[in-house]
Amino acid sequence: MNKIVRPLQILTDLSKIGRTYALQNGFDPHSFWEQNIVWGDLDSFQHVNNVRYLRLFESGRMRWLRELAIQADGEQAAENLVKGRGISLILKKIDLDFKRPVNFPDTLLIAHKFKPVSSDPAHLLMHAIAYSNEQQRVVTESTATCVWYDYDRLAKAVQGPPPSFAAVVQKSMSGTTS
């Protein structure tokens, strides 16, 4: 019987180069998400539309945070995080720094890491990259500030995240995620 190979499980040599770069620069491997560029991602100048990067970073960030919520408190915590129940996150600010245009075809590795903790425990700071397999370099960077928000009280969670999530964030920052 032939073994079925799923495309998402195959890492090309170019994918491995991007993942190695991200690991060497402290990005959390749980955040790694590869996205193929499709023709519809292009604008009239035949490169990836700038808005598309925002969506890629957003999707990558939410996939990563969901994974971390599972590590912290299980599937229900992850569902609560993405559906805005209890204490969850709201994007306060995001900046994008476009380094190089990306064309079709290409595959981008989206990778995230936490930045040092803000003086405000309700803030969670993140840095992300979009790494092009074709160009073998970072093509866009992002910095984001999220705020812990208590959806039950409809107010900023001034105390910050639940302790179990704070512990997972610390593990990620120290490079000891499991």
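The values are calculated or read from the model by the stated rules, or taken from the named source; none is laboratory data. What you see is a predicted model, and the numbers here were worked out from it, not measured in a lab. Cβ placement follows ideal geometry from the backbone for every residue including glycine, while neighbour counts extend to all protein chains displayed. To get the accessible areas, we keep the full protein, side chains included, count just its heavy atoms, and leave off ligands, DNA and RNA. Shrake-Rupley method; radii C 1.70, N 1.55, O 1.52, S 1.80 Å.
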So ASP150 clears everything in (1) open to solvent by less than 50 Å² (accessible area, probe 1.4 Å); (2) charged (D, E, K, R); (3) farther than 25 Å from ARG55 by Cα except one condition, right? Which one?
-> (3)
Extreme residue, surrounded by the most Cβ atoms within 10 Å (Cβ to Cβ), among residues of the range 10-31 that are among the β-branched types (Val, Ile, Thr) and touching a residue at least 40 places away in the same chain (Cβ under 8 Å) | ILE17
Filtered residues of the range 48-62 (kept if of a type outside the set (A, V, I, L, M, F, W, C), buried (at least 17 other Cβ atoms within 10 Å of the Cβ) and closer than 20 Å to ASN133 by Cβ) = ARG52, TYR53, GLY60
GLU34 meets each of (1) surrounded by 11 or more Cβ atoms within 10 Å (Cβ to Cβ); (2) over 26 Å from ASP97 (Cα atoms); (3) at pLDDT 85 or above with one exception, condition (2)
Residue, modelled with the highest pLDDT, within the range 41-85, restricted to residues that are out of contact with any strand residue (DSSP E or B) (no Cβ under 7 Å at 6 or more places or on another chain) and among the small types (Gly, Ala, Ser) = SER59
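Kindly check whether there is at least one residue in the range 109-121 that is modelled with pLDDT of 90 or more, under 18 Å from ARG61 (Cα atoms) and surrounded by fewer than 17 Cβ atoms within 10 Å (Cβ to Cβ).
Taking the range 109-121 and keeping what is modelled with pLDDT of 90 or more, we get 109-115.
Those left that are additionally under 18 Å from ARG61 (Cα atoms): 109-115.
Within this subset, residues satisfying the condition of being surrounded by fewer than 17 Cβ atoms within 10 Å (Cβ to Cβ) are 115.
Yes, there is a match, as at least one residue in the range 109-121 is modelled with pLDDT of 90 or more, under 18 Å from ARG61 (Cα atoms) and surrounded by fewer than 17 Cβ atoms within 10 Å (Cβ to Cβ).
Considering only residues that are without any contact (Cβ under 8 Å) to a residue 40 or more places away in the chain and either touching a helix residue (DSSP H, G or I) at 6+ places or on another chain (Cβ under 8 Å) or at positive phi (or both), which ones fall in the range 139-157? Before the answer, list the steps.
Within the range 139-157, the first condition is being without any contact (Cβ under 8 Å) to a residue 40 or more places away in the chain, and the residues that meet it are 153-156.
If the condition is that a residue be without any contact (Cβ under 8 Å) to a residue 40 or more places away in the chain and either touching a helix residue (DSSP H, G or I) at 6+ places or on another chain (Cβ under 8 Å) or at positive phi (or both), then LEU154 is the only one that fits.
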Given (1) touching a helix residue (DSSP H, G or I) at 6+ places or on another chain (Cβ under 9 Å); (2) of a type outside the set (Val, Ile, Thr); (3) at pLDDT 90 or above, index of the condition GLY160 fails = (3)
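Any residue at all in the range 156-169 that is surrounded by 13 or more Cβ atoms within 10 Å (Cβ to Cβ), part of a strand (DSSP E or B) and touching a strand residue (DSSP E or B) at 6+ places or on another chain (Cβ under 7 Å)? Break it down stepwise before answering.
Taking the range 156-169 as the starting set, the residues that turn out to be surrounded by 13 or more Cβ atoms within 10 Å (Cβ to Cβ) are 156-157, 159-162, 164-169.
Within this subset, residues satisfying the condition of being part of a strand (DSSP E or B) are 156.
Then keep just the ones that are touching a strand residue (DSSP E or B) at 6+ places or on another chain (Cβ under 7 Å); that gives 156.
Checked against the condition, which is being surrounded by 13 or more Cβ atoms within 10 Å (Cβ to Cβ), part of a strand (DSSP E or B) and touching a strand residue (DSSP E or B) at 6+ places or on another chain (Cβ under 7 Å), the range 156-169 yields at least one hit.
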